[in-house]
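Comments concern the structure below.
The values are calculated or read from the model by the stated rules, or taken from the named source; none is laboratory data. Source: prediction; values computed, not measured. Backbone-built Cβ (ideal geometry, glycine too); neighbour counts: all protein chains shown. For accessibility, only protein heavy atoms count, side chains too; no ligands or nucleic acids. Shrake-Rupley method; radii C 1.70, N 1.55, O 1.52, S 1.80 Å.
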Amino acid sequence: MTEAAVAEPRRLRFVRRPSPVLVEHRPLYKITQLLLILQMSSRGGKSTLPRLHLFNWALKSTDRIQKLLEAAKAKVLHMTAWGFDPALAIAIRFAVAENMIEATSTGYQLTDKGRDFIAEVLEDADAFAPERKLLMQIGKDITEGMVDKVAKGWEAA
C-alpha cells in the first residue's frame, strides 16, 4: 500500500462567516416602513392587517406601486390578491412590543411613541425618501372599504 492510502482521511472544516441580511428583512427597516404607512397613508394612524400587507407588498415593486397609485386615483382597487410577508408580521410584533403601535379590534394603530419615532425619521429628508414620496402620492385614498371589498372576494372563492 502507498503512503497516501494509509494516511488519515481528510476532514472537512466549516467556518461560519457573517452573511448580510437583506434590507427588506431588517426589523428596524420594516418597523419604520410600517410606521410610515400608518402615519402617511392611514386615516387616524390606523389600519387593518390586510391593508398593511397590501402597502408592504406594493412598496416592493414599481409596477405594484403604480397599480396602487392608479387605484387611489380611481377609488377602486383592481388587485385581486397580494402577498403576505412574514417579515412584516415580525416587524408588527416588535413594534407592538416596543409600544410603537398597538392592536385594536380591527387592526393596528400608532401610539404616541410611534408618532414620536416617525416624526424623527421624517425630519431627515433623505430617510426613506422613495417610500415617503410614494406614500404621499397615494395619501389616504386606499381605504379600508376598498381593501375589504377585495378581501370579501377571497372568502367567496
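Give me the net charge of Gln33's neighbourhood, meaning all other residues with Cβ under 11 Å from the Cβ of Gln33; Lys, Arg count +1, Asp, Glu -1.
Numbers: positive: Arg26, Lys30, Lys60, Arg132; negative: Glu24, Asp85, Glu131.
With Lys, Arg at +1 and Asp, Glu at -1, the net is +1.
For segment 7-157, report the accessible area per residue in Å² (1.4 Å probe, heavy atoms, rounded to an integer). Intermediate results must be reported in sequence, preceding the final value.
On the way: 9630 Å² over 151 residues.
Here the residues of segment 7-157 average 64 Å² of exposed surface.
Just to be sure I follow the rule: in the chain, considering lysines 8 or more places apart or on different chains, how many pairs have Cα atoms under 13 Å apart?
Details: Lys30/Lys60; Lys46/Lys140; Lys67/Lys75; Lys73/Lys140; Lys75/Lys140; Lys75/Lys149.
Step by step, the pairs that qualify in the chain add up to 6.
What value, in deg cm²/dmol to 500, does the helix sum -39500 (n - 2.57) over DSSP H runs of n ≥ 4 give at 222 nm once divided by the residues of the chain? Before the final figure, lay out each step's value.
Details: 8 runs with 89 residues, N = 157.
Calculated at 222 nm, the ellipticity per residue is -17000 deg cm²/dmol.
Measure off, as a whole percent, the carbon and sulfur share of the 1.4 Å-probe accessible area of the chain, all protein chains present. Write down the numbers at each step before the final one.
Details: 5780 of 10350 Å².
Carbon-and-sulfur percentage of accessible area, whole number: 56.
Between 0 and 90 degrees, rounded to the nearest ten: what's the tilt of helix 49-58 against the longest Cα principal axis of the chain?
Long axis of 49-58 versus the principal axis of the chain: about 70 degrees.
Could you point to the residue in Ser47, Ala74, Ile138 farthest towards the positive end of the chain's charge dipole, with +1 and -1 charges on the Cβ of Lys/Arg and Asp/Glu respectively?
Of the options given, the answer is Ala74.
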